[in-house]
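Only one structure is covered here, and it is reproduced in the block below.
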Amino acid sequence: MTATDTTALPRAKPAAPKQRAADIAYNILENMIVTLQLKPGTPIVEAELVEATGLGRTPLREALMRMSTNGLIVQLPRRGLIVSDIELAEHLTLIETRRVLERLIAASAARRATPQQRKDILTYAKKMVAAAKKNDLKAYMQADQALDYVSHEACRNPSAVAAVIPQVIKCRRFWYAFQHEGDVEAGAKCHMMLATAIAKGDPDAAISGAEALMDYLDSFARKVIDN
């Protein structure tokens with residue numbers, strides 16, 4: 001190879017985009033709220049969050065502003081910022097709204113997903129089923145989040161995704177709060193039904209899968225409310 005012949009040189013892979021500090025802060029705080037490490041009604045103390053996360057005040061403040069928009073954080077007179085309560089009755093209307101969006105996202109993903117996305121969606125659904133059988137909550141929720149992420153990418157509808165994400169987050173927190181009333185195997189079965197339809201490229205079946213999943217969440221919420 002001559003000094004000017006570069007054909008044999010290995011090409012550098014493009015660097016993965018770095019996450020913004022505010023996005024990292026948001027992800028950490030969201031996880032703390034959803035998994036109830038920060039329980040409903042907990043005051044938000046900036047200094048404590050800085051110490052707990054190791055992040056600066058500026059990205060934390062930006063993350064808290066986003067959470068206020070999503071309804072995870074609320075500001076009360078003379079009390080400052082606190083983690084929002086879980087409103088049982090309002091949760092049913094949340095599911096009602098989410099149902100419309102999930103139908104749209106499911107049908108769009110069935111039509112628009114790439115072959116790799118269809119494969120990944122089915123893989124994550126299978127992981128949910130396996131985790132449910134082992135009662136491995138951590139693995140179940142990780143697969144659930146991964147499945148949501150790929151499905152949202154596959155639907156190619158950023159507006160629908162932006163609208164549904166706050167509802168998904170609140171449903172996930174609700175589940176953590178009342179998981180003793182839940183049935184992970186039933187939930188995994190609904191996710192598998194939805195994933196299979198998307199993987200096959202069947203919009204009508206995908207809508208049916210989304211409906212089954214929302215029926216499951218509605219039934220779960222009503223069980224919690226009745227008890």
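The values are calculated or read from the model by the stated rules, or taken from the named source; none is laboratory data. Because the structure is a prediction, the values reported are computed rather than measured. So basically every Cβ, Gly included, is an ideal-geometry build from the backbone, and we count neighbours across all protein chains shown. Just so you know, the surface numbers come from the protein's heavy atoms only, side chains and all, with ligands and any DNA or RNA stripped out. Shrake-Rupley method; radii C 1.70, N 1.55, O 1.52, S 1.80 Å.
If you check residue 84 against the conditions, is it under 28 Å from residue 48 (Cβ atoms), buried (at least 16 other Cβ atoms within 10 Å of the Cβ) and among the hydroxyl-bearing types (Ser, Thr, Tyr)?
The answer is yes for residue 84.
Can you pull out the residues in the stretch 151-164 that are in contact with a helix residue (DSSP H, G or I) (Cβ under 8 Å, 6 or more places away or on another chain), open to solvent by 30 Å² or more (accessible area, probe 1.4 Å) and farther than 17 Å from residue 124 by Cβ?
The answer is 156, 157, 163.
Among the residues of the stretch 112-145, how many are in contact (Cβ under 8 Å) with a residue 60 or more places away in the chain, within 16 Å of the chain's Cα centre (by Cα) and open to solvent by less than 50 Å² (accessible area, probe 1.4 Å)?
The total comes to 3.
For residues that are over 16 Å from the mean Cα position of the chain (by Cα) and of a type in the set (A, V, I, L, M, F, W, C), scanning just the stretch 87-105, find the one that is most open to solvent (accessible area, probe 1.4 Å).
The residue in question is 100.
When you go through 71, 56 one by one, which is the residue that is surrounded by 12 or more Cβ atoms within 10 Å (Cβ to Cβ), small (Gly, Ala, Ser) and within 17 Å of the chain's Cα centre (by Cα)?
71 is the lone residue from the list that is surrounded by 12 or more Cβ atoms within 10 Å (Cβ to Cβ), small (Gly, Ala, Ser) and within 17 Å of the chain's Cα centre (by Cα).
Can you tell me which residues in the stretch 76-100 are more than 24 Å from residue 220 (Cα to Cα) and either assigned to a helix (DSSP H, G or I) or at pLDDT below 90 (or both)?
76, 77, 78, 79, 80, listed by residue number.
Just to verify a result, which residue in the stretch 175-227, among those that are touching a Leu at 6+ places or on another chain (Cβ under 8 Å), among the β-branched types (Val, Ile, Thr) and open to solvent by 30 Å² or more (accessible area, probe 1.4 Å), is nearest to residue 34 (Cα to Cα)?
Here the answer is 225.
Checking the conditions here, which among 69, 93, 58, 53 is under 27 Å from residue 193 (Cα atoms) and β-branched (Val, Ile, Thr)?
After applying the criteria, what remains is 93.
Which numbered condition trips up residue 38, out of (1) modelled with pLDDT of 90 or more; (2) assigned to a helix (DSSP H, G or I)?
Condition (2) is where residue 38 drops out.
Hey, does the stretch 153-171 have a residue that's over 24 Å from residue 30 (Cα atoms), assigned to a helix (DSSP H, G or I) and not polar (S, T, N, Q)?
No, the stretch 153-171 contains no residue that is over 24 Å from residue 30 (Cα atoms), assigned to a helix (DSSP H, G or I) and not polar (S, T, N, Q).
Of the conditions (1) closer than 19 Å to residue 171 by Cβ; (2) without any contact (Cβ under 8 Å) to a residue 40 or more places away in the chain, residue 49 satisfies every one except a single condition; which number is it?
(1) is the only condition that residue 49 fails.
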